[in-house]
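Quick notes on the structure that follows.
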Amino acid sequence: MNIKEELMKLKTGLLTRRDIEEIKKQEEKEQNIPTDTIKIVRDEYTTYRYINSRLRNLDDKVDNYINWYFKNAVKGHYTPIGEYSEPRRMRDLIEKVAVWYELRYPKYEVNRLMPGSSEERTEINEVMFNNNQYFNDIHGDNNLDIGTLNWPDFYNKEVFIKSLPSDEQFMFREVYYSSNVTINANVPYLVRLHLTSDGIVDNAENFNYLRKDDSIDLDSYFVGKHIKEVLQYLKSNNISLQPNNNLEEAIEWHDKWVFLKDEFLNCVMYRIIERGGNRIGPRRAFLFAKEFNRNIDVPMMYGVDTSDPGLKLFVDEYINAGGSKDLVCYENYHRKSSKNEILGTIKVGEIIDWLEPIEKRSKGRQYVK
């Protein structure tokens, strides 16, 4: 048996050693997909694991977010013209941020940082500074050391966000709780919470009038608690609140806007993956995930191109950033011919094993039927 045949044998063995229950749990936990969407195929020797890729389509995830945005933040809050145009404006903003990241990290720059194909000679710093005639005309005789300039640092996150119109900058701002939340209650006094920006109670007023006994001073007890802990305590102790009370509304409003902005950044990451293709997309999205505190599992899940000569380097970057060898990834997501095509899956640990030198893999390897 030659080396190529041995490699294919080992690869096949590793790809079919699948823990079916684990991928089901991961799909349910991380993606909220029912277990019956996973197709299990068994033959005499192996168990194969596939999943309908339509359920994993990143463009569908963006569409779902736009629909959620319309139903929860647009409908009923805008004129008919606004209701039509606002979802499109959100989609355009997602695309704008994805394009900014492409401009900041062009294909050849991503490939230089995490090689996945043959490298171009083009360097982004040369293009943007050394070979920029306008830049040189302005600074030509000022002894500016442009060799110290770095384009990704120059066109950084803070600069990009500040360059946006104020209504678009809003999507990048932190969401804060209101400083005062007044509780609707059938008592003759104003029941109110004074909160920090992250929802911690600084002061509580007149909650003692809501209690049924004198066992605890609620005004003192709630200080230092989170607003969600206050609500949970009231419910657990059968202290009734008025329907549509401000306490629950304040929490719902905060959580809605946190989701709105959080998922906005996730959608940018999805578009970066899709726009960049099989190798550059996931790698560029990995850079974005680290910078914007996104889940680094996502670029890795969609970044397994089995023909990628730099796959091991990408996996190493993921592991070094805190990734898990148990993460289940989709094989060749970008090579699917339709949304309904089924995709095989592979764990990160299996990829590492597969890409080890043949000598290491051949020692003591046991195959699972």
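Please treat every number below as a calculation from the coordinates, not as lab data. Keep in mind the model is a prediction, meaning the values are calculated, not measured. Cβ atoms come from the backbone with ideal geometry, glycine included; neighbour counts cover every protein chain shown.
Please compute the contact order of the stretch 242-360 in relative form: average sequence separation of alpha-carbon pairs under 8 Å and at least six residues apart, divided by the residue count, as a percent.
Values: 122 pairs, mean separation 22.2, N = 119.
It comes to 19 percent, rounded to a whole number.
If you average 1/r across every pair of different Cα atoms in the stretch 242-289 and take the reciprocal, what Kirkwood value do you get, in Å?
Taking every pair of different Cα atoms in the stretch 242-289, averaging 1/r and inverting gives 12.5 Å.
So what are the three principal axis dimensions of the stretch 222-304 from its Cα atoms, in whole Å, longest to shortest?
Extents along the principal axes: 56, 22, 18 Å.
Ignoring solvent entirely, what values of log10 I(q)/I(0) come out of the Debye formula for the stretch 177-249 at 0.13, 0.21, 0.26 Å⁻¹ when each Cα is a single scatterer?
Here log10 of I(q) over I(0) equals -0.31, -0.87, -1.41.
Starting from the amide H of N180, placed 1.01 Å from N in the peptide plane, find each other amide H under 5 Å away whose residue is 5 or more places distant or on another chain.
So N180 has HN proximity to L195.
Cα convex hull of the stretch 267-345: how many Å³ per residue? Before the final figure, lay out each step's value.
Numbers: hull volume 6.9 nm³, N = 79.
In the stretch 267-345, the Cα hull volume divided by residue count equals 87 Å³.
Can you tell me the FRET efficiency between L103 and E174 if r is taken as the Cβ-Cβ distance and R0 is 25 Å, rounded to the nearest 0.05?
Details: r = 26 Å, r/R0 = 1.02.
So, using R0 = 25 Å, E works out to roughly 0.45.
Within the set of other residues whose C-beta is less than 12 Å from the C-beta of L247, count the net charge using Lys and Arg as +1 and Asp and Glu as -1.
For residues surrounding L247, the net value is -1.
At 7 Å along Cα-to-Cβ for each site, give me the label-to-label distance between S85 and S163 in nm.
2.4 nm
What are the extents of the Cα atoms of the stretch 56-207 along their three principal axes, in Å, largest first?
Taking the Cα atoms of the stretch 56-207, the three principal extents are 75, 39, 33 Å.
Local charge sum around F172 (other residues, Cβ-Cβ under 11 Å, Lys/Arg +1, Asp/Glu -1)?
+1
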